[in-house]
Amino acid sequence: MSNFFLDNEDIKFHLKNMDLARVINLKENYFSPETKAQVGAPRDQEDAADNYHRVLEIVGAIAGDFIAPRATDVDREGATFSDGKVNYARGTKESLKRLKDAELMGFTLPREFGGLNLPKTIYSIAIEMISRADASLMNLFGLQEIADTIYKFGSEEQRKRYLSRFASGEVTGAMALTEPDAGSDLQSVMLRAQQNSQGEWRLNGVKRFITNGLADIQLVMARSEDGSTDGRGISLFIYERDHSMKIRRIEHKLGIHGSPTCELQFDDAKAELLGKRRMGLIRYTMSLMNGARLGVSAQAIGIAEAAYREAKLYAGQRVQFKKVIAELPPVNEMLTDMKTTLEASRSLLYETSRIVDIKEGLEERIEKHPESKDDLSNDLQRYSRFAALFTPMLKCFATESANKICYDALQVHAGVGYTTDFNIERLYRDVRITNIYEGTTQLQVVAAIGGIMTGVLQERLNEYENLHDFTAFAPIVPVFEMVHAFRTSLESGITMVKQKADNKFQDYHARRITEMAADTTVSYLLCIDALRAKCERKASVAAYFAEKAHSRILGNLNTITTSFEEKNLFEKHIKILE
Amino acid sequence: MTRKKVRPTMKIIVTTKQVPDTHNIVGDAMRPDGTVNRSVLPTIFNPEDLNALEEALKLKEKIPSAHITAITMGPPKAMDVLRESLYRGADDVVLLSDGRFAGADTLATSYALKCAVQKLGVFDLIFCGRQAIDGDTAQVGPQLAEKLGINQITNVCEVVTVDEEGCTITVKRSTEYGEEIVKSKFPVLITVTSSANDPRPASAKRMMIYKSIGKKSDAVSYTDSAELAWTRDLPAPYINYIKEWNLESVDADPAICGLNGSPTKVKKIQNVVLVANEAKMVSGDDEGISALIKELVSEHILAG
């Protein structure tokens with residue numbers, strides 16, 4: 001018997017110490033009489049928090065006892081394709097049934113549509129646990145963002161028609177965005193949507209790399225405006241599976257074998273418009289992808305948690321030179337690095353999830369109570385800015401860190417880790433997609449750099465400083481002194497890029513600036529974690545992370561400084577690559 | 001007249017028990033006098049009762065109009081297993097609780113359960129776990145069937161078919177020599193083993209609905225009571241409270257209930273202590289395996 005919630009001290013630490021009061025109030029409509037009257041609604045803050053704890057216990061038990069034992073077989077069998085049909089691996093089917101039986105497929109949807117009405121923050125924790133058990137299953141469990149998008153942007157009638165079917169697990173979803181020639185550059189989507197004489201929309205074209213492309217209900221991004229060439233000619237459609245869409249093939253991938261990645265061909269497929277025309281990419285898909293980026297970050301952390309545990313276990317048993325290798329300094333450092341980065345990623349995941357919860361909660365509150373708009377719109381703008389920055393910054397940090405954790409975890413295993421006798425090789429393959437899909441790290445940098453250059457991050461860091469007394473807990477006083485200096489280094493980097501006033505210079509250093517920003521932010525968050533709980537162990541985590549971050553930040557700053565004086569920045573690059 | 005017109009709903013009863021978690025013993029589980037120290041042991045849903053409930057729920061999936069009542073006898077804390085039954089899909093639950101039921105052996109327990117089942121009225125199927133992990137007697141199910149004067153099929157590892165119209169159930173049961181296929185008319189009591197199924201998880205949604213459900217005794221007037229946790233106004237088909245029945249509610253004879261009605265007397269308890277040695281890791285290579293074999297030979301576990 002193993003429960004991936006109850007055995008995870010760090011998740012429990014966060015759940016106990018994080019401030020969810022505002023998130024809960026927004027999610028439960030400040031416990032208005034109508035909301036409290038809903039079947040299954042919590043009575044008060046404490047009752048809601050108790051629900052979260054219990055739901056996570058249910059998810060944790062399913063992940064630990066049911067999903068994890070099937071993961072190896074799912075990886076070996078994989079999703080298969082024959083006669084135009086995709087079949088999940090046996091374990092995938094069984095696990096999906098299990099999640100459906102536990103009524104966990106409408107995690108964040110409102111109760112009125114059969115959902116559990118849980119915040120994104122709790123959903124992130126659930127995704128993390130599912131991914132620790134089987135990363136590929138997250139691609140199906142984690143697709144709840146699709147129903148969420150219909151809830152956010154669909155008409156009342158569309159909500160009624162689709163959402164309860166998602167919540168009951170009767171249908172699954174897919175988001176059909178990518179095409180053979182439109183990957184990172186989604187503005188060049190070619191799949192056509194045209195209205196026939198009755199005004200019905202018909203889709204024609206090909207989509208590629210579609211996770212769970214066999215889904216019953218799909219959100220398809222299509223060019224609806226003839227003659228348009230950019231993102232403003234694109235709309236989002238709801239397509240319900242019928243015979244007018246064929247699955248042409250599935251990809252043979254390095255990892256996440258249980259998750260079928262499909263190529264779809266739409267032939268005059270009937271679809272309906274979601275929301276407004278022309279808003280498909282610029283508004284709805286951006287929202288959809290931001291949600292998915294949060295999910296992928298949680299997925300990466302879940303895989304990294306599994307990898308760290310495998311490494312820790314192995315290093316504690318393997319004896320070389322007459323002692324367990326965990327005691328050898330190089331191995332010990334790798335393990336400490338892994339655990340620290342894992343906890344660092346988790347702090348950033350929950351902070352980002354909370355920001356997104358508050359942003360979405362405010363949006364919904366303004367929609368339901370238009371009279372509150374004047375009071376809340378400033379706050380909404382603030383949280384929208386934070387969400388737009390933190391989501392890509394999180395994805396960069398968490399997915400790259402998770403890759404490093406899995407890499408080191410395999411290294412700790414040495415030779416046997418390279419064999420299929422141990423789980424680590426699967427985790428190492430599975431994690432590799434996380435910094436690629438839903439936007440590569442390089443694209444996340446593009447999405448994050450604006451907020452860093454325009455002072456959004458500084459606004460948030462100021463809030464951290466105003467809300468917390470970092471002198472109130474002795475063990476973090478010296479840590480925070482160092483962390484505070486990171487801000488100065490980050491500011492210097494930003495200033496240099498601004499002074500140079502050269503787009504190419506900014507593009508070149510955007511990754512370094514984003515890394516410095518993430519290292520700084522995470523250092524703040526770890527200090528806050530230690531401070532809030534007055535936890536000495538967390539103070540050690542903060543100190544260890546900050547020490548390592550220090551040299552990275554200085555290194556990045558140094559690279560920017562050196563190149564600042566160079567007249568022709570790319571001269572060397574051209575010579576090397578010619 | 002066909003049966004269907006008389007009683008359109010298939011009625012299923014599941015007996016459940018809250019037991020000490022004997023697989024996860026922490027602290028001093030036994031008192032110096034050799035009795036079980038229940039207060040330090042975590043309690044769980046008796047595992048095979050979950051298998052019994054699962055069979056009932058599987059039937060309900062096929063026959064959605066079927067109605068499942070889970071029943072337990074025990075102190076108020078035993079409501080936990082009834083809540084767990086509700087989380088998984090039971091329609092109604094009954095707590096049979098009275099100080100005068102305490103100390104019951106299997107004979108007194110099956111008598112009290114018989115009285116409760118009779119109060120529930122007409123039924124088609126009773127599912128019981130084969131045995132509880134605390135007493136391991138496997139007697140209560142068979143005794144309950146005897147007292148009710150109905151058929152019983154024990155050690156069932158699979159429900160093969162249920163014919164709702166013909167009012168029969170066909171099951172596979174394990175015996176010492178193999179397996180038997182047995183068919184019985186309703187009403188029938190079936191005891192289920194752990195190999196029958198893998199019980200479903202609690203539903204998160206039903207958990208949120210039922211986690212704080214209270215109990216309401218039919219013997220006590222609650223009009224001026226402080227304990228009003230059950231007064232949540234949930235719409236049908238949800239229930240609003242756990243029915244609590246005492247000795248009078250089920251019209252039981254106190255002389256054959258609880259300790260009074262239990263001829264079983266414990267003569268002596270022997271405290272067996274099994275000491276586990278430290279686990280030893282053996283590497284999977286030739287070297288590790290040959291070292292292990294040498295050790296086993298030297299300790300005369302393997303013949304040299």
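None of the figures in this text is laboratory data; all of them are computed from the coordinates on show. None of the values given here were measured: they were computed from a predicted structure. Methodologically, a virtual Cβ is constructed for each residue, glycine included, from the backbone with ideal geometry; neighbour enumeration extends over all protein chains shown.
Observations
- Cβ-Cβ distance of A:ARG22 and A:GLU94, R₀ of 30 Å, FRET efficiency by 1/(1 + (r/R0)^6): the value works out to about 0.20.
- Partner chain coverage, peptide B:205-213 - average Cβ within 10 angstrom: 6
- Rounded to the nearest 20 debye, the dipole size of region A:455-577 about its Cα centre is 340 debye, using +1 on the Cβ of Lys and Arg and -1 on the Cβ of Asp and Glu.
- Volume per residue of the C-alpha convex hull in region A:173-280, rounded to whole Å³: 95
- Chain lengthening between A:LEU554 and A:MET286 when straightened (0.36 nm per residue, less Cα-Cα): 93.1 nm
- With a threshold of 19 Å on the Cα-Cα distance, the over-threshold entries among A:LYS16/A:LYS538; B:LYS119/B:LYS211; A:LYS97/B:LYS60 are B:LYS119/B:LYS211.
- For a modelled paramagnetic label at A:ASP379, 7 Å from Cα along Cα-to-Cβ, the residues of region A:30-50 in reach, with backbone nitrogen under 17 Å, are A:30-32, A:45.
- Distance in nm between pseudo-label sites at A:ARG277 and A:SER82 (7 Å out along the Cβ direction from Cα): 4.6
- Secondary-structure-derived ellipticity at 222 nm for the protein assembly as shown, considering helices only, amounts to -15000 deg cm²/dmol, per-run term -39500 (n - 2.57) for DSSP H runs with n ≥ 4.
- In terms of its alpha-carbon gyration tensor, chain A comes out rounded; the largest-to-smallest axis ratio a/c stays below the 1.5 threshold.
- Listed residue (B:ALA108, A:SER188, A:HIS573) projecting farthest to the positive dipole end of the protein assembly as shown, Cβ model: A:SER188
- The calculated FRET efficiency for the pair B:THR264 and A:ARG241, based on their C-beta separation and a Förster distance of 56 Å, comes to about 0.35.
- Point-to-point label distance, A:ASN332-A:THR420, nm (Cα→Cβ direction, 7 Å offset): 3.7
- Cα gyration tensor shape of region A:128-239, rounded if a/c is under 1.5, else prolate or oblate by comparing a/b with b/c: oblate
- Subtracting the Cα-Cα distance of A:PHE321 and A:LYS504 from 0.36 nm times their residue separation leaves 60.7 nm of extension gain.
- A Förster radius of 25 Å, combined with the Cβ-Cβ distance separating B:ALA303 from B:VAL275, puts the computed FRET efficiency at roughly 0.45.
- All aspartates and glutamates inside 13 Å of A:LYS534 as judged from Cα atoms, apart from same-chain residues fewer than 8 positions distant: A:ASP469
- Label point distance in nm, B:GLU179-A:MET482, each placed 7 Å from Cα along Cα→Cβ: 6.3
- Candidate aspartates and glutamates for bridging to B:LYS205, where Cα separation is under 15 Å - those fewer than 8 sequence places away on the same chain excluded: A:ASP47, A:ASP50, A:GLU57, A:ASP101, A:GLU103, A:GLU112, B:GLU84, B:ASP91
- Residues within the reach of a label modelled at A:LYS567 (point 7 angstrom out along Cα to beta-carbon, backbone nitrogen below 20 Å), restricted to region A:503-517, are A:503-506.
- Length released on extending from A:SER197 to A:MET1, taking residue separation times 0.36 nm less the Cα-Cα span: 64.6 nm
- For peptides B:153-162, A:516-525, A:150-159, B:186-195, sequence by mean Cβ density within 10 Å, most packed first: A:516-525, B:186-195, B:153-162, A:150-159
- Counting only Cβ charges, +1 for Lys and Arg and -1 for Asp and Glu, the dipole size of the protein assembly as shown around its Cα centre is about 1020 debye.
- Average beta carbon contacts from partner chains per residue of B:281-287, 10 Å cutoff: 2
- Under 13 Å from a label point set 7 Å out along the Cα-to-Cβ vector of A:SER155, the amide N atoms of region A:250-287 belong to A:272-277.
- Cα shape, chain B, gyration tensor, a/c 1.5 rule: prolate
- Listed by chain and number, the aspartates and glutamates whose alpha-carbon sits under 17 Å from that of A:LYS567, ignoring those within fewer than 8 places in the same chain, are A:ASP502, A:ASP507.
- In region A:299-329, the trypsin sites (Lys or Arg not before Pro) that fall in loop regions by DSSP, at most 13 other Cβ within 10 Å: A:LYS322
- Amide H contacts for B:SER217 (H built 1.01 Å from N in the peptide plane; partners 5 or more residues away or on another chain; cut-off under 5 Å): B:GLU244.
- Averaged over peptide A:41-53, the number of partner chain Cβ atoms lying within 10 Å of each residue's Cβ comes to 1.
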